[in-house]
Each structure stands twice: as C-alpha cells, then as structure tokens.
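Structure first, commentary second.
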Amino acid sequence: MTINSAIRQLTATQEDYLEIIFRLNQDGKPTVTVTDLAKRLGCQLPTVTRTIKALTQHGYVIHRPRESIQLSDQGLAIAQQVTHRHDDTEAFLHTVLCLDAETATADACKIEHGLSPLAAQRLHAFIKCFLDLPLDVQTHIQTSVQSIDKHAQLFNRIQSHRQSPWRH
C-alpha cells in the first residue's frame, strides 16, 4: 500500500492525530501520551483513546494502554506528508493570499485533507516558485490579491462552516 492510498483510508481526524503526534515530537516532546493529545485537541480522554486504538490496529501508531504513543514507520511517513501538505497550504494562504496567520492556519487545517497528491505537489511547486520571485514581484502579486477585497461583499453571504474548537 502506498502512502497516498493509506492517507485516503484515514479520516481527517486520524490524519490530524498523526500530524499532532509528529509535531509534538518535533517540538521536543519525545514521548506523547493520550493526555497530551486530549489537551492539544481539547477533547475527552475516551475520544482520544478510541482514535489511538484504531490507529494502533491499522499499524500507524505503537501504543499500549497507559504508555506513550509512537508513530510507526508507516505512520511517520504519513504524518510527514500531512504536515508538509498543511505547511504548504498555510504558506499559500498567508504568504500569497495575505490572510492573517490565525485564519491561514485554521483554513489550512480544513483544506489539507481534501488535496489530491497532484494538487499538493503543484501547490508545493507554486510556493517554491513564488518565494523565488524577486521581492517586488511578490509584493505586486500580494497587492493585486488584496485589491480584490473591495469585492468582498459578494462573498459575505457565504456562511463559513462551524470551526472545530481544537483547530488552531
């Protein structure tokens, strides 16, 4: 099974768990517990326990009750890919579309799960190209994007989806 087909089998929530475990490890927390995840996600311990149990059964994490949670090799590969997709999406929203950091992060959390592998690759390539542009060209693009804000009233009637409380 390839990483991309494994990702398609995971729910958005399960992808988020792998990403959060990965990010906690990257932030210097070598051992992650169910309690750590519950705090980070803002949800109850039984909810985290159920999701970790499913991820363990599918081989994405290694966990025994009352012990730390570790990503398996397959879980690590998926977590890295999901994290990369998130970071590219957030960079696009913040750097190119000039959304504030909080909105870019929240929107990236929603968008990252729906990207096809091809879209993720092209988004990454676009971000690399954008960042390689001369600063004055980047600024021109950003100014052009922001100039359409005067048409924002056309979009005011579109309701945003309820945001999950633990998405930041």
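The values are calculated or read from the model by the stated rules, or taken from the named source; none is laboratory data. Keep in mind that what you see is a predicted model, and the values were worked out from it rather than measured. In this analysis, Cβ positions are derived from the backbone assuming ideal geometry, glycine residues included, and neighbour counts consider all displayed protein chains.
Out of region 57-102, which residues are farther than 18 Å from ILE127 by Cα, modelled with pLDDT of 95 or more and among the hydroxyl-bearing types (Ser, Thr, Tyr)?
TYR60, SER72
Does region 98-107 hold any residues that are in contact (Cβ under 8 Å) with a residue 24 or more places away in the chain and either surrounded by fewer than 16 Cβ atoms within 10 Å (Cβ to Cβ) or over 24 Å from HIS140 (Cα atoms) (or both), and which are they?
Within region 98-107, CYS98, GLU102, ALA106 meet the criteria.
Is there a residue in region 78-93 that is of a type in the set (Phe, Trp, Tyr), in contact (Cβ under 8 Å) with a residue 60 or more places away in the chain, part of a helix (DSSP H, G or I) and surrounded by 18 or more Cβ atoms within 10 Å (Cβ to Cβ)?
So far as region 78-93 goes, no, none of its residues is of a type in the set (Phe, Trp, Tyr), in contact (Cβ under 8 Å) with a residue 60 or more places away in the chain, part of a helix (DSSP H, G or I) and surrounded by 18 or more Cβ atoms within 10 Å (Cβ to Cβ).
Quickly run through region 108-137 and pick out the residues that are without any contact (Cβ under 8 Å) to a residue 60 or more places away in the chain, part of a helix (DSSP H, G or I) and farther than 25 Å from ILE148 by Cα.
GLY114, LEU118, ALA120, GLN121
Would you check if there is a residue in region 60-75 being closer than 30 Å to ILE148 by Cα, out of contact with any Gly (no Cβ under 9 Å at 6 or more places or on another chain), without any contact (Cβ under 8 Å) to a residue 12 or more places away in the chain and of a type outside the set (Asp, Glu)?
no
Here is a check on your reading of the model: is LYS110 basic (Lys, Arg), under 30 Å from LEU133 (Cβ atoms) and surrounded by fewer than 19 Cβ atoms within 10 Å (Cβ to Cβ)?
Numbers: basic (Lys, Arg): yes; under 30 Å from LEU133 (Cβ atoms): yes; surrounded by fewer than 19 Cβ atoms within 10 Å (Cβ to Cβ): yes.
When the stated conditions are applied, LYS110 passes them.
Could you say which residue among ASP73, ASP107 is of a type in the set (D, E, K, R), within 30 Å of VAL48 (Cβ to Cβ) and touching a helix residue (DSSP H, G or I) at 6+ places or on another chain (Cβ under 7 Å)? Give the steps one after another, and end with the answer.
Details: ASP73 fails: touching a helix residue (DSSP H, G or I) at 6+ places or on another chain (Cβ under 7 Å).
Being of a type in the set (D, E, K, R), within 30 Å of VAL48 (Cβ to Cβ) and touching a helix residue (DSSP H, G or I) at 6+ places or on another chain (Cβ under 7 Å) holds for just one of ASP73, ASP107, which is ASP107.
From the set of residues in region 1-29 that are out of contact with any Leu (no Cβ under 9 Å at 6 or more places or on another chain) and outside any helix (DSSP H, G or I), which is modelled with the highest pLDDT?
Among residues in region 1-29 that are out of contact with any Leu (no Cβ under 9 Å at 6 or more places or on another chain) and outside any helix (DSSP H, G or I), the one modelled with the highest pLDDT is THR11.
List the residue pairs whose Cβ atoms are under 6 Å apart, where the first residue sits in region 13-31 and is more than 15 Å from LYS53 (Cα to Cα), the second is buried (at least 18 other Cβ atoms within 10 Å of the Cβ) and of a type in the set (Lys, Arg), and the two are 6 or more positions apart or on different chains.
Close Cβ pairs (under 6 Å, with a partner that is buried (at least 18 other Cβ atoms within 10 Å of the Cβ) and of a type in the set (Lys, Arg)) amount to ILE20/ARG40.
Any idea which residue in region 37-77 is surrounded by the fewest Cβ atoms within 10 Å (Cβ to Cβ), counting only those that are part of a loop (DSSP other than H, G, I, E, B) and under 20 Å from the mean Cα position of the chain (by Cα)?
Selected residue: GLY42.
Got at least one residue in region 127-145 being under 25 Å from THR83 (Cβ atoms), touching an Asp or Glu at 6+ places or on another chain (Cβ under 7 Å) and modelled with pLDDT of 95 or more?
Taking every residue of region 127-145 in turn, at least one turns out to be under 25 Å from THR83 (Cβ atoms), touching an Asp or Glu at 6+ places or on another chain (Cβ under 7 Å) and modelled with pLDDT of 95 or more.
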